[in-house]
Amino acid sequence: MSRKALVGNVTAMLADADFLVSERCAVRPKSFDVAARRGEDLLLVKVLGNVDAFDRETGAEMRRLGEYLSATPILVGLRTRDEELKPGVVYFRHGVPAIHPDTLYDLVVEEVPPLIYAAPGGLYVNIDGDTVADERRERGWSLGRLADELGVSRRTVAKYEDGMNASVEVAVQLEDLFDRPFSDPVRVLEGAGEVREADPTPEPPEVDPDDEHVYGVLSRAGFAVHPTQRAPFTAVSEDEAEPRVEFTLLTGHSPFTRTAQKRAKLMGSLGRVTGTRAVYFTEGDDEPKEETVEGTAIVTMLELSRADDPERIRELIRERSDEPAEA
């Protein structure tokens, strides 16, 4: 299956599951393919046939965007270089959960989360250690007795009861022994943090010198500006005066070319899905050729330089951009 067809299938699946789905990110750079929102669940979705093509820089960018936008980055793919991805299993690439389309279907359509995740050494399950301990004590079994039944050490059983995850084989043995499930689902829509081994959110990239003036004005207007590197917008700017109450901005900046117009249109779609406003700052014009492109505010650099009052900048963006949608 081509990547284009795979992206189409994933997009259709999300729409069928009542997600509001953005336009596909068809302009470069693009760290993700679509944004999708259902209620409070906001996803940034990257789709690849081979998930090993997902590089460290893209993973870092998606994780940063997830933090800025309160979203979950997720990678959907079919295979690695060596094997097919198994349905029902959560893999990880550079700190981002990676799943097969069938797993995504079960998760968003059937609302059945996966129970198994891959980590160095094999496949594992997140077990409820307190329940294991309760069941063992109810039977009057010692740690040693349960260890003998499972073929592991007494210390390993103690670790299971303290919260250490178990291999799939051990989880199956536990369920057979006690005739009940012990597995907790992998919370993919929350980033699978309970089983993910990853470093803290990567540091943001250096500011492009061409964008320094724009970011300086936004900073003086009360926004915390987070530059991006591979997103279809150049920055995410959070309102520090009233965080997540006033508005968060997706920001673009360049001369107003045909490509910039396409990017502004895409940013408007992403803004509607992510619950943000979008603004594109243009070079070379006294007045904007268009004040709005598909809900994205168009503001010239001359207008920006004239807006000495930070509130005037906010007014321009409010007047020309779409109101953020409520989750």
Scanning segment 244-292 residue by residue, those of a type outside the set (Ser, Thr, Tyr), open to solvent by less than 20 Å² (accessible area, probe 1.4 Å), farther than 20 Å from ARG24 by Cα and within 23 Å of the chain's Cα centre (by Cα) turn out to be PHE247
For segment 189-222, what are the residues that are under 23 Å from ALA36 (Cα atoms), open to solvent by 50 Å² or more (accessible area, probe 1.4 Å) and hydrophobic (A, V, I, L, M, F, W, C)?
none
For ALA36, the lone unmet condition from (1) within 22 Å of PRO202 (Cα to Cα); (2) at pLDDT 95 or above; (3) of a type in the set (Gly, Ala, Ser) is (1)
Scope segment 26-64; condition within 13 Å of VAL273 (Cβ to Cβ) and either open to solvent by less than 20 Å² (accessible area, probe 1.4 Å) or in contact with a strand residue (DSSP E or B) (Cβ under 9 Å, 6 or more places away or on another chain) (or both); matching residues:
PHE32, ASP33, VAL34, ALA35, ALA36, ARG37, ARG38, ASP41, LEU42, LEU43, LEU44, VAL45
State the number of residues belonging to segment 134-171 that are among the aromatic types (Phe, Trp, Tyr) and assigned to a loop (DSSP other than H, G, I, E, B).
1
What tally of residues in segment 194-238 results from selecting those that are modelled with pLDDT under 85 and within 22 Å of the chain's Cα centre (by Cα)?
8
Do you know which of the residues in segment 87-104 that are open to solvent by 50 Å² or more (accessible area, probe 1.4 Å) and in contact with an Asp or Glu (Cβ under 9 Å, 6 or more places away or on another chain) is farthest from GLU57 (Cα to Cα)?
PRO87
Taking segment 173-188 and the residues there that are among the hydrophobic types (A, V, I, L, M, F, W, C) and in contact with a helix residue (DSSP H, G or I) (Cβ under 9 Å, 6 or more places away or on another chain), the one that is surrounded by the most Cβ atoms within 10 Å (Cβ to Cβ) would be LEU174
Among the residues that make up segment 147-162, is at least one of them under 34 Å from the mean Cα position of the chain (by Cα), at pLDDT 90 or above, open to solvent by 30 Å² or more (accessible area, probe 1.4 Å) and more than 18 Å from ARG136 (Cβ to Cβ)?
no
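The values are calculated or read from the model by the stated rules, or taken from the named source; none is laboratory data. Note that the coordinates shown come from a computational prediction; the quantities given were computed from them, not determined experimentally. Ideal geometry is used to build each Cβ from the backbone, glycine not excepted, and the neighbour counts take in all protein chains shown. Each accessible area value is taken on the protein alone, full model and side chains, heavy atoms only, with ligands, DNA and RNA left out. Shrake-Rupley method; radii C 1.70, N 1.55, O 1.52, S 1.80 Å.
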